[in-house]
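Visitor: To start, I am sharing the structure in question, which I have written as structure tokens.
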Amino acid sequence: WFATVPGVITSSAAIWALYAGILRHTVFTDGVYDPATAADLFDRAKKATDRAIALDPNLPDGYAARAGQRYLTGEWNLEGARSDFERALALDPNNPRYLVGKAQLLLYFSHRVDEGIAAAKRATELDPIGGGWNMLGFGYRRAGRLAEAKAAFQRADEIDSANEGNVFIAEIELREGHPDKALAMVEASSRSDFEPYFVARTLVLVAMHR
């Protein structure tokens, strides 16, 4: 694609960073299950990310893109990803997207739960209708703060009912001893293609001895 567009575009660091994200997300959102195809897309994303940073070492999107490359594509360079998010936030400290990415990295791939919660909470303060609420809910869930987790997931659902928050709310309802309510919420979820949906539904049915 880049071979067919004007040079002014291919010399833009921001475009290369955006392209890296598109390539990476294609694997997840389009359900690319062929390992060779996924590896090719990830490799092209890495090259695009490197190109973005080379063109503009002060572009925060370049470092955010490289952070994603390092922890979402099988490289498992978690410390490198954390450093990249820190660099991106040093250049653009009030960017909620970077904060959500940092929170995801910390909450999914480390034991730094409090730090992850703080990043997600800051993201919701900067963008009250953005994607930080689910991450905040996940953080509170990891910390065992179920009432706060439930409130965060409910806020996410109010903003976008197609998000996966309902599945996690159902899990909390089950842990609080409300299996009927949990089952109703899982069954009403619009994310029946979402892996935790199947896990939550199975847990609820087992709890109800069905």
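Visitor: Given the protein chains as shown and a 1.4 Å probe, how many square angstrom of R122 are accessible, to the nearest 10?
Guide: 90 Å²
Visitor: Of the heavy-atom accessible surface of segment 1-140 (probe 1.4 angstrom), what whole percent is carbon and sulfur?
Guide: Carbon with sulfur: 58 percent of the solvent-accessible area.
Visitor: Oh, and also: With 5 Å bins from zero, work out the P(r) of segment 75-200 over every alpha carbon pair and list the percent per bin.
Guide: Calculated over all Cα pairs of segment 75-200, the distribution is 2, 12, 19, 22, 18, 13, 8, 3, 1, 0 percent.
Visitor: Once you keep just the Cα pairs under 8 angstrom separated by 6 or more residues, what percentage relative contact order results for segment 41-161?
Guide: 15 percent
Visitor: So with the 1.4 Å probe, I'd like the accessible area per residue for segment 13-70, rounded to whole Å².
Guide: I get 50 Å² per residue for segment 13-70.
Visitor: At 1.4 Å probe size, with every protein chain present, just tell me what the per residue accessible area of segment 100-157 comes to in Å².
Guide: Accessible surface, normalised per residue, equals 44 Å².
Visitor: With contacts defined as alpha carbon pairs under 8 Å and 6 or more residues apart, what's the relative contact order of segment 42-85 in percent?
Guide: With pairs under 8 Å counted, the relative contact order is 32 percent.
Visitor: Right, here's the next one. Which order, highest average first, do 73-80, 13-20 follow once you tally other Cβ atoms within 10 Å for each residue and take the mean per peptide?
Guide: 13-20, 73-80
Visitor: While we're here: Rounded to whole Hz and in sequence order, give me ³J(HN,Hα) for segment 146-154 from the Karplus expression 6.51 cos²θ - 1.76 cosθ + 1.60, θ = phi - 60°, writing x for Gly and Pro.
Guide: Karplus-based 3J(HN,Hα) across segment 146-154 equals 5, 5, 5, 4, 4, 5, 5, 5, 5 Hz.
Visitor: Obtain the radius of gyration and the Kirkwood radius of segment 1-131 from its C-alpha atoms and give Rg over Rh.
Guide: Taking Rh as the inverse mean 1/r over Cα pairs, Rg/Rh reads 0.99.
Visitor: Let me ask another. As a test of reading the structure, rank T37, T29 by solvent-accessible area (1.4 Å probe, protein chains only), most first.
Guide: Largest accessible area first, the residues go T29, T37.
Visitor: Another question, if that's okay. Taking θ = phi - 60°, what integer Hz values does the Karplus form 6.51 cos²θ - 1.76 cosθ + 1.60 yield along segment 41-53, in sequence order, with x for Gly and Pro?
Guide: Once θ is set to phi - 60°, the couplings for segment 41-53 become 5, 5, 5, 5, 5, 4, 5, 5, 5, 4, 5, 4, 5 Hz.
The values are calculated or read from the model by the stated rules, or taken from the named source; none is laboratory data. In this text the structure is predicted, and so the values were computed from the model without any measurement. Cβ sites come from the backbone with ideal geometry, for glycine too, and all protein chains shown count toward neighbours. Only protein heavy atoms, including side chains, enter the accessible area calculation; ligands, DNA and RNA are left aside. Shrake-Rupley method; radii C 1.70, N 1.55, O 1.52, S 1.80 Å.
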